[in-house]
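Below: one structure, written as structure tokens.
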Amino acid sequence: MEYKIMIIDDEQGIIDSIQALLNRNGYWCIGYTDPLAGLDELMNSHYDLLVLDYFMQPIHGETVVERIRTKDSELYILLLTGYKDLAPPISTIKSLDIQAYCEKSDRLDQLQLLIESGIKSISQMRTIQKFRDGLQSILGSVPKIYQLQPIGNILEEILIQLLPMANSSDAFILVDDIPSIEQSGDQNSQKSIFKGIGKYNVQIDEFTELLDHKLMEDIGRARTEMKALQHPDGVIIPLGNESNTAIGVIYVSSIDLDEGIKLLQIYARQAASSINNAFLHSLVNTKNEELNNTYAQLKVRYMDTIEVLRLTVDAKDEYTRGHSDRVSNYAVRIGEKLGLSTQEIEKLRIAGIFHDIGKIGTADDILLKKQSLDQTEYDQIKQHPIKGAMILSAVSMFQDIVPIVRHHHEHMDGSGYPDGLSGEKIGLLARIISVADAFDAMMSDRHYRKHLSLDSTKTQLLEGAGTQFDKNVVNALLEALETDTELQQSITAYPHA
């Protein structure tokens, strides 16, 4: 029960009426006709609000309040009287910290308004108290998380200090290693590490099994948008550096945070600062063998998790099975024709495999629909590049892949989605995936249409060059189709080729 309310009145009928009013509005309450019995209960148990009659036997309400205030200075008291001329003076009401006063009436409208006002005041006082206690907790925890110790210990201490603020027992932190000076030339040097507590205090392979696609997407969204996100079972707080760029996230299981999220954000800023401090001043052994093994294991396990999601998407529809693998292959061939570096080719390979991962969150009845999609359904389909980008954004190892996945449905003339980018604003690798994706889609049977022939597909690509597709990319694919024997052989894998 959220609020405990007591009614003390020597008339049972008054108690019954007020109880009916409160119960109807979802509040829990108890009533006493004997003020001494009610006072005894108040002195031994916590209550939030007291509706108190003034004239009673054997003691008046004024005496009840005097005794209450010797023990409880915060109980919200609403005083009732049926005798207007004998009501207590204002000076008495002030001196006893009586918060509200109401005359008895057959109509309970005014009383209901005063009770609702009292509940709001109690709620605000709780928030203030929570912030006061929370800020005190943060002040007490800061020295501990700034101590010079191994990074794993720092992350664990951050979680230990966090749990009481969220009234939780389960949390984890995903954080990026800040590349050292000697690593700065390597774009893939940034790595992610993990630490869990409670049910998340598990090995990395078990941890990734706890991540469903919605949690992975929300982690990526929190990092990308740099704002706290409510999840069905908890909250995700991004960790930012001095330039307000995400270096990781904290997830804490809790479904009753309310205003406490603001406290967690304050604490997260301190936590992020301590992590930055640890890395930047080389006060921890971040490059020891154990930590490097942790990096490698997390990368492998997270890759495995996304691969499972990708295969789940493929398995939904027999017509698109193998689509991602083929798009990856075509993208690599195009990249080779364009003379891209080995690193860029590898990005294309991974992006091609995972470009449709965001469809994991799209309903089967939309993905498998044989008729044309209505606007609402099409709008849902158009969300899959964003969802895919967010899933990959959860950890830093995919930071170079994210924009490729997000923008593979953008068009050169700006008519694509989700961001309406045009021309050179669309990254080259995304433009390559776009052509490879369209090529395979046109060459494959779908629920809503039959495949096109190879010649018709080439014609469609040429017609879309300059508007939907990058001309150079289209030409590179067409050249590869003419000269690349291995690619030509892969085309024969289509059942209709």
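Filtered by the rule that a residue be among the aliphatic types (A, V, I, L, M) and either open to solvent by less than 10 Å² (accessible area, probe 1.4 Å) or at pLDDT 90 or above (or both), the range 381-406 gives 386, 389, 390, 391, 392, 394, 395, 401, 402, 404, 405.
If you take the residues of the range 37-61 that are more than 20 Å from residue 18 (Cβ to Cβ) and not in a loop (DSSP other than H, G, I, E, B), which of them is most open to solvent (accessible area, probe 1.4 Å)? Here the residue is 44. Figure legend. Inter-residue proximity from the range 341-363: first residues closer than 14 Å to residue 408 by Cα and touching a residue at least 12 places away in the same chain (Cβ under 8 Å), second residues basic (Lys, Arg) and surrounded by 22 or more Cβ atoms within 10 Å (Cβ to Cβ), beta-carbon distance below 6 Å, spacing 6+ or different chains. Indicated pairs: 358/387. Mind checking which residues of the range 435-487 are of a type in the set (S, T, N, Q), in a helix (DSSP H, G or I), open to solvent by 10 Å² or more (accessible area, probe 1.4 Å) and touching a residue at least 12 places away in the same chain (Cβ under 8 Å)? Once the filter is applied, which keeps residues that are of a type in the set (S, T, N, Q), in a helix (DSSP H, G or I), open to solvent by 10 Å² or more (accessible area, probe 1.4 Å) and touching a residue at least 12 places away in the same chain (Cβ under 8 Å), the range 435-487 yields 456, 460, 472.
Please verify whether residue 157 is among the charged types (D, E, K, R), over 25 Å from residue 306 (Cα atoms), modelled with pLDDT of 80 or more and surrounded by 15 or more Cβ atoms within 10 Å (Cβ to Cβ), treating the condition exactly as stated. Yes.
Of all residues in the range 164-197, those satisfying the criterion of being in contact with a Gly (Cβ under 8 Å, 6 or more places away or on another chain), modelled with pLDDT of 85 or more and not polar (S, T, N, Q) are 170, 171, 172, 173, 174, 175, 195. Scanning the range 206-227 for residues that are of a type outside the set (Asp, Glu) and assigned to a loop (DSSP other than H, G, I, E, B) turns up 210, 211, 226, 227.
Looking across the range 268-293 at every residue that is at pLDDT below 65 and surrounded by 15 or more Cβ atoms within 10 Å (Cβ to Cβ), the one that is nearest to residue 355 (Cα to Cα) is identified as 291. For beta carbons closer than 7 Å, sequence separation of 6+ or different chains, a first residue in the range 230-250 that is outside any strand (DSSP E or B) and a second that is surrounded by 12 or more Cβ atoms within 10 Å (Cβ to Cβ) and of a type in the set (S, T, N, Q), the qualifying pairs are 233/253; 241/276.
Scanning the range 356-374 turns up at least one residue that is surrounded by fewer than 16 Cβ atoms within 10 Å (Cβ to Cβ), touching a Leu at 6+ places or on another chain (Cβ under 9 Å) and part of a helix (DSSP H, G or I).
Restricting attention to the range 13-36, which residues are in a helix (DSSP H, G or I) and within 16 Å of residue 58 (Cα to Cα)?
At the first step, the residues of the range 13-36 found to be in a helix (DSSP H, G or I) are 13-24, 35-36.
Those that are in a helix (DSSP H, G or I) and within 16 Å of residue 58 (Cα to Cα): 35, 36.
Residues of the range 62-110 that are modelled with pLDDT of 90 or more and outside any helix (DSSP H, G or I): 75, 76, 77, 78. When the residues of the range 10-36 are filtered to those that are closer than 21 Å to residue 117 by Cβ and hydroxyl-bearing (Ser, Thr, Tyr), the one that is least open to solvent (accessible area, probe 1.4 Å) is 27.
Test residue 299 against the stated conditions and say whether it is more than 26 Å from residue 215 (Cβ to Cβ) and of a type in the set (Lys, Arg).
Details: more than 26 Å from residue 215 (Cβ to Cβ): no; of a type in the set (Lys, Arg): yes.
No, not satisfied.
The values are calculated or read from the model by the stated rules, or taken from the named source; none is laboratory data. Computed from a predicted structure; not experimentally measured. Positions of Cβ are backbone-derived with ideal geometry, glycine not excepted, and every protein chain shown enters the neighbour counts. Surface areas here come from the heavy atoms of the whole protein model, side chains and all, with no ligands, DNA or RNA. Shrake-Rupley method; radii C 1.70, N 1.55, O 1.52, S 1.80 Å.
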